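Below is one structure, written out as structure tokens, with a few remarks after it.
The values are calculated or read from the model by the stated rules, or taken from the named source; none is laboratory data. Computed from a prediction, not measured in an experiment: that's the story for all the values here. As a convention, Cβ positions derive from the backbone with ideal geometry for all residues, glycine included, and neighbour counts pool all protein chains shown. Just so you know, the surface numbers come from the protein's heavy atoms only, side chains and all, with ligands and any DNA or RNA stripped out. Shrake-Rupley method; radii C 1.70, N 1.55, O 1.52, S 1.80 Å.
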Amino acid sequence: MKNYTITVNGVAYDVVVEEKGAGAVAAAPAAAAPAAAPAPAAAPKAAAPAAAGAVAVKASVPGKVLKVEASVGQAVKSGDSIIILEAMKMEIPVVAPQDGTVAGINVSVGQAVESGDLLASLN
């Protein structure tokens with residue numbers, strides 16, 4: 001028998017492999033619960049020049065900024081559209097997660113963004 005640690009989607013599993021005859025192998029989990037694996041560290045992004053607010057508004061999909069609908073200092077309600085992204089030939093509104101005031105816009109029209117990128121911040 002051989003013990004292995006296999007990581008799948010950031011979760012480590014301890015596995016015991018038992019050899020059966022010539023070339024046949026059977027695998028069984030060593031423990032019922034997966035072992036905790038350290039999460040991969042994300043590369044730090046450069047700080048944006050715009051002011052930072054308490055609430056981050058991030059991109060939910062990768063795409064291109066089609067339109068910026070809010071401006072710094074503008075009061076917004078939960079659900080108000082702040083930025084429109086274009087992804088897969090669709091317009092996807094990025095909305096305010098809560099009531100507040102726009103503290104900063106971190107993107108410009110035409111800019112490519114990735115999922116999770118900071119687009120704006122609210123106070």
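The figures follow:
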item: Candidate aspartates and glutamates for bridging to residue 67, where Cα separation is under 20 Å - those fewer than 8 sequence places away on the same chain excluded; result: 80, 86, 91, 114, 117
item: At R0 = 35 Å, FRET efficiency that the Cβ-Cβ distance of residue 114 and residue 13 yields, to 0.05; result: 0.75
item: Rounded percent of accessible protein surface that carbon and sulfur make up, the stretch 73-119, 1.4 Å probe; result: 53
